[in-house]
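J.: A single structure is presented below for examination.
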Amino acid sequence: MASSTVDSFMPEALQFRSPSPLVDIGANLTHESFDRDLADVIARAQAAQVKTLIVTGTDLVHAEQAVMLAKQYPGLYATAGVHPHDASGWNTEMAHKMKALHALPQVVAVGECGLDFNRNFSTPAEQEHAFEAQLALAVESGLPLFLHERDAGVRMREILTAWRDDISDAVVHCFTADRDTLHGYLDLDMHIGLTGWICDERRGHHLRPLVNDIPLERLMVETDCPYLLPRNLPAKLKGRRHEPALLPWIVKEIAEWRGISEAELGSATTRTAQRFFRLPTEY
């Protein structure tokens, strides 16, 4: 049961319980902002019916931390990969350590990996090298891929096309691009992860007519917390840190634009996530 501390952090107006159990496929719970109250964050998620959390591993340190959290808390799982921002650090030693992580039962996907040509914290060449190395690890392990792409849709699809027959499943997490890019991924039988970006009328409005283009069996939902706090919340949140307990608000927004109930969307995305990540199906 949630403690008074858990309840008091979340304004009553934001305490929204999903009508069906949800899976948050992208939660950055190793972020330092969760250090002080992680147990309460997880309790609030459970109270909101966000039953399963996939903790994102964006580099070796954070992937190892994600695994530790998955060992500590029921309902948590981990991904393990190197984000394109950190691709310049990819080397043989890291590849061996990532391979070892992928063999652990707590790790359910390779990633977060991919391409980001928006900021180029690592050069495009370094990003492509690290990405293809992780594609090879995904083929070897048989695990699905948790992908990041920003301003690199054409090149990403070229690389994925070359590997598509060998990799299992892949999800483009936090999708924010345009219709052509979306359909390019769907043509490759990719899954799509949607975040609170769709709740942002300033920059996410273009996603709203696209939600019906995504088959329910390819759609998953995520917070990408502590980032991307939804703008459709009916009350302000102290500190503006996003967290998994707010996932039902994202589901509500997507369901409205799709023209179906929150329960139907929630159940469908949960079934998809359970199948994709090979999770237990106890609910």
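J.: Can you pull out the residues in segment 146-203 that are touching a helix residue (DSSP H, G or I) at 6+ places or on another chain (Cβ under 7 Å) and β-branched (Val, Ile, Thr)?
T.: Matches in segment 146-203: Ile159, Ile167, Val171, Val172, Thr176, Thr181, Ile192, Thr195, Ile198.
Yes or no, residue by residue, for (1) surrounded by fewer than 18 Cβ atoms within 10 Å (Cβ to Cβ); (2) part of a loop (DSSP other than H, G, I, E, B); (3) in contact with an Asp or Glu (Cβ under 7 Å, 6 or more places away or on another chain); (4) charged (D, E, K, R):
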site	(1), (2), (3), (4)
Thr161	yes, no, no, no
Asp189	yes, yes, no, yes
Gly193	no, no, yes, no
Ile198	no, no, yes, no
Arg203	yes, yes, no, yes
Leu207	no, no, no, no
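J.: Same structure, new question: Of the residues Arg17, Arg36, which is free of Cβ contacts under 8 Å to residues at least 12 places away in the same chain and of a type in the set (Lys, Arg)?
T.: Values: Arg17 fails: free of Cβ contacts under 8 Å to residues at least 12 places away in the same chain.
Exactly one of Arg17, Arg36 is free of Cβ contacts under 8 Å to residues at least 12 places away in the same chain and of a type in the set (Lys, Arg), namely Arg36.
J.: Separate question: Could you check Ala13 against (1) open to solvent by less than 20 Å² (accessible area, probe 1.4 Å); (2) within 28 Å of Trp249 (Cα to Cα); (3) of a type in the set (Gly, Ala, Ser); (4) assigned to a helix (DSSP H, G or I) and say which number it fails?
T.: Only one criterion is unmet by Ala13, namely (1).
J.: Same structure again: Specify which of the listed residues (Leu104, Leu76) is farther than 23 Å from Leu160 by Cα and buried (at least 17 other Cβ atoms within 10 Å of the Cβ). Lay out the reasoning, then the answer.
T.: Details: Leu104 fails: buried (at least 17 other Cβ atoms within 10 Å of the Cβ).
One residue alone meets the criteria, Leu76.
J.: Something else now. Could you tell me which residue of segment 50-71 is farthest from Leu194 (Cα to Cα), considering only residues that are touching a strand residue (DSSP E or B) at 6+ places or on another chain (Cβ under 7 Å) and open to solvent by 20 Å² or more (accessible area, probe 1.4 Å)?
T.: Step one: of segment 50-71, the residues touching a strand residue (DSSP E or B) at 6+ places or on another chain (Cβ under 7 Å) are 50-58, 63, 66-67, 69-70.
Remaining after also requiring open to solvent by 20 Å² or more (accessible area, probe 1.4 Å): 51, 58, 69.
Numbers: Lys51: 18, Thr58: 18, Leu69: 24 Å.
The residue in question is Leu69.
Here is a yes/no grid of residues against (1) in contact with a Leu (Cβ under 7 Å, 6 or more places away or on another chain); (2) within 16 Å of Asp24 (Cα to Cα); (3) surrounded by 22 or more Cβ atoms within 10 Å (Cβ to Cβ):
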{"position": "Leu210", "(1), (2), (3)": "yes, no, no"}
{"position": "Met220", "(1), (2), (3)": "no, yes, yes"}
{"position": "Gly239", "(1), (2), (3)": "no, no, no"}
{"position": "Pro244", "(1), (2), (3)": "yes, yes, yes"}
{"position": "Glu256", "(1), (2), (3)": "no, no, no"}
{"position": "Ser267", "(1), (2), (3)": "no, yes, no"}
{"position": "Thr270", "(1), (2), (3)": "yes, yes, yes"}
{"position": "Arg275", "(1), (2), (3)": "no, yes, no"}
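J.: Give me the pairs, please: first residue somewhere in segment 63-79 and under 20 Å from Asp40 (Cβ atoms), second residue anywhere and open to solvent by 50 Å² or more (accessible area, probe 1.4 Å) and part of a helix (DSSP H, G or I), beta-carbon distance under 6 Å, and either six or more positions apart or on two chains.
T.: none
J.: Checking the conditions here, which among Ala95, Ala100 is touching a residue at least 12 places away in the same chain (Cβ under 8 Å), among the small types (Gly, Ala, Ser) and not in a strand (DSSP E or B)? Spell out the reasoning first.
T.: Values: Ala100 fails: touching a residue at least 12 places away in the same chain (Cβ under 8 Å).
The conditions single out Ala95.
J.: Can you confirm whether Ala45 is in contact with a strand residue (DSSP E or B) (Cβ under 7 Å, 6 or more places away or on another chain) and either in a helix (DSSP H, G or I) or farther than 15 Å from Gly111 by Cβ (or both)?
T.: Numbers: in contact with a strand residue (DSSP E or B) (Cβ under 7 Å, 6 or more places away or on another chain): yes; either in a helix (DSSP H, G or I) or farther than 15 Å from Gly111 by Cβ (or both): yes.
Taking the combined requirement at face value, the residue satisfies it.
J.: Within segment 237-248, can one find any residue that is over 26 Å from Ala43 (Cα atoms) and in contact with a Ser or Thr (Cβ under 8 Å, 6 or more places away or on another chain)?
T.: no
The values are calculated or read from the model by the stated rules, or taken from the named source; none is laboratory data. Worth saying up front: this structure is predicted, and the values here are computed from it rather than measured. All Cβ positions, glycine included, derive from the backbone under ideal geometry; neighbour counts span all protein chains shown. To get the accessible areas, we keep the full protein, side chains included, count just its heavy atoms, and leave off ligands, DNA and RNA. Shrake-Rupley method; radii C 1.70, N 1.55, O 1.52, S 1.80 Å.
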